[in-house]
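What follows is one structure encoded as structure tokens, with my remarks underneath.
The values are calculated or read from the model by the stated rules, or taken from the named source; none is laboratory data. Small disclaimer: the values here were computed from a predicted structure and weren't measured. Backbone-built Cβ (ideal geometry, glycine too); neighbour counts: all protein chains shown. Side chains are part of the model used for accessible areas, which takes the heavy atoms of the whole protein and leaves out ligands, DNA and RNA. Shrake-Rupley method; radii C 1.70, N 1.55, O 1.52, S 1.80 Å.
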Amino acid sequence: EAGVAQSPRYKIIEKRQSVAFWCNPISGHATLYWYQQILGQGPKLLIQFQNNGVVDDSQLPKDRFSAERLKGVDSTLKIQPAKLEDSAVYLCASSLITGGPYNEQFFGPGTRLTVL
Amino acid sequence: AQSVTQLDSHVSVSEGTPVLLRCNYSSSYSPSLFWYVQHPNKGLQLLLKYTSAATLVKGINGFEAEFKKSETSFHLTKPSAHMSDAAEYFCVVSDRVGGGSQGNLIFGKGTKLSVKP
């Protein structure tokens with residue numbers, strides 16, 4: 001079974017530039033998550049989609065970050081304009097929807113963003 | 001609000017010796033707790049999970065963790081470390097948004113495990 005795919009793996013930009021990350025979840029997974037992992041910290045949830053609807057975006061800095069999942073499959077996360085503090089690894093994860101108490105999240109390898 | 005505290009940022013052990021990675025949690029209700037492992041340049045992988053069943057949870061690669069409500073702890077252990085265990089380990093609690101099953105994950109800051117030959 002193919003895992004969660006992300007691209008690019010690495011990106012270097014200057015502050016005030018724009019950048020976009022792409023994620024393709026595991027086939028059949030209805031729920032998709034974007035996390036931000038700053039060096040030395042654990043991942044922090046930015047946004048959660050269920051199919052093409054947003055479930056939780058309470059921690060997404062909406063003045064500069066946006067995300068979409070138009071057809072309920074792959075997703076794009078955009079930063080415009082980037083700041084130095086946005087340097088981090090951006091992780092995408094996906095999970096099934098079942099009736100159980102917890103649905104395991106499967107993570108992609110991440111995109112490492114460096115803002116100069 | 002739910003949170004986890006990983007008590008050590010870095011643990012170093014010798015190959016073949018026991019591993020203990022400590023985690024304390026804070027939750028206003030019965031939590032779901034997890035340990036994830038992150039190898040360099042690889043995605044996070046679920047090691048094990050506690051979801052209010054047995055308090056001693058066995059995971060992959062010989063790891064296990066014990067849920068202790070009285071101590072609000074969920075420490076990760078392994079009897080004998082292998083070189084391949086060197087990685088970063090995250091203790092995680094699920095934040096059940098709206099009471100539904102699709103809880104969000106709240107990660108600790110991580111513990112880097114080094115294994116010496």
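If you check A:Gln17 against the conditions, is it more than 14 Å from chain B (Cβ to nearest Cβ) and either more than 24 Å from B:Ser3 (Cα to Cα) or open to solvent by 50 Å² or more (accessible area, probe 1.4 Å) (or both)? Outline the logic, then answer.
Values: more than 14 Å from chain B (Cβ to nearest Cβ): yes; either more than 24 Å from B:Ser3 (Cα to Cα) or open to solvent by 50 Å² or more (accessible area, probe 1.4 Å) (or both): yes.
It is true that A:Gln17 is more than 14 Å from chain B (Cβ to nearest Cβ) and either more than 24 Å from B:Ser3 (Cα to Cα) or open to solvent by 50 Å² or more (accessible area, probe 1.4 Å) (or both).
Yes/no matrix, rows are residues, columns are (1) hydrophobic (A, V, I, L, M, F, W, C); (2) within 17 Å of the chain's Cα centre (by Cα); (3) under 13 Å from A:Val19 (Cα atoms):
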residue: A:Lys71; (1), (2), (3): no, yes, no
residue: A:Ala93; (1), (2), (3): yes, yes, no
residue: A:Gly108; (1), (2), (3): no, yes, no
residue: A:Thr111; (1), (2), (3): no, yes, yes
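If I ask for residues that are within 14 Å of the chain's Cα centre (by Cα) and outside any loop (DSSP other than H, G, I, E, B), which ones from the stretch B:11-25 would you list? Scanning the stretch B:11-25 gives B:Val11, B:Val19, B:Leu20, B:Leu21, B:Cys23, B:Asn24, B:Tyr25.
Selection of the stretch B:81-117 for residues being modelled with pLDDT of 85 or more, part of a strand (DSSP E or B) and at the interface with chain A (Cβ under 7 Å from one of its Cβ atoms) yields B:Phe90, B:Leu105, B:Phe107.
Among the candidates B:Phe74, B:Phe67, which residue alone is more than 19 Å from A:Asn103 (Cα to Cα) and either touching a Lys or Arg at 6+ places or on another chain (Cβ under 9 Å) or open to solvent by 30 Å² or more (accessible area, probe 1.4 Å) (or both)?
Numbers: B:Phe67 fails: either touching a Lys or Arg at 6+ places or on another chain (Cβ under 9 Å) or open to solvent by 30 Å² or more (accessible area, probe 1.4 Å) (or both).
Step by step, each of B:Phe74, B:Phe67 is checked, and only B:Phe74 is more than 19 Å from A:Asn103 (Cα to Cα) and either touching a Lys or Arg at 6+ places or on another chain (Cβ under 9 Å) or open to solvent by 30 Å² or more (accessible area, probe 1.4 Å) (or both).
Looking only at residues that are over 22 Å from A:Glu85 (Cβ atoms) and more than 12 Å from chain B (Cβ to nearest Cβ) in the stretch A:1-14, which one is surrounded by the most Cβ atoms within 10 Å (Cβ to Cβ)? Outline the logic, then answer.
Step one: of the stretch A:1-14, the residues over 22 Å from A:Glu85 (Cβ atoms) are A:1-5, A:7.
Of the ones still in play, those that are also more than 12 Å from chain B (Cβ to nearest Cβ) are A:1-2, A:7.
On the way: A:Glu1: 6, A:Ala2: 8, A:Ser7: 14.
Applying the filter and picking the extreme gives A:Ser7.
Checking every residue in the stretch B:22-31 against the condition of being within 14 Å of another protein chain (Cβ to nearest Cβ), open to solvent by less than 10 Å² (accessible area, probe 1.4 Å) and at pLDDT 95 or above gives at least one match.
Only residues that are assigned to a loop (DSSP other than H, G, I, E, B), within 10 Å of another protein chain (Cβ to nearest Cβ), closer than 27 Å to A:Arg9 by Cβ and open to solvent by 50 Å² or more (accessible area, probe 1.4 Å) were counted across the stretch B:40-59, and they come to 2. Do you know which of the residues in the stretch A:55-89 that are within 12 Å of another protein chain (Cβ to nearest Cβ) and in contact (Cβ under 8 Å) with a residue 12 or more places away in the chain is most open to solvent (accessible area, probe 1.4 Å)? Here the residue is A:Gln59.
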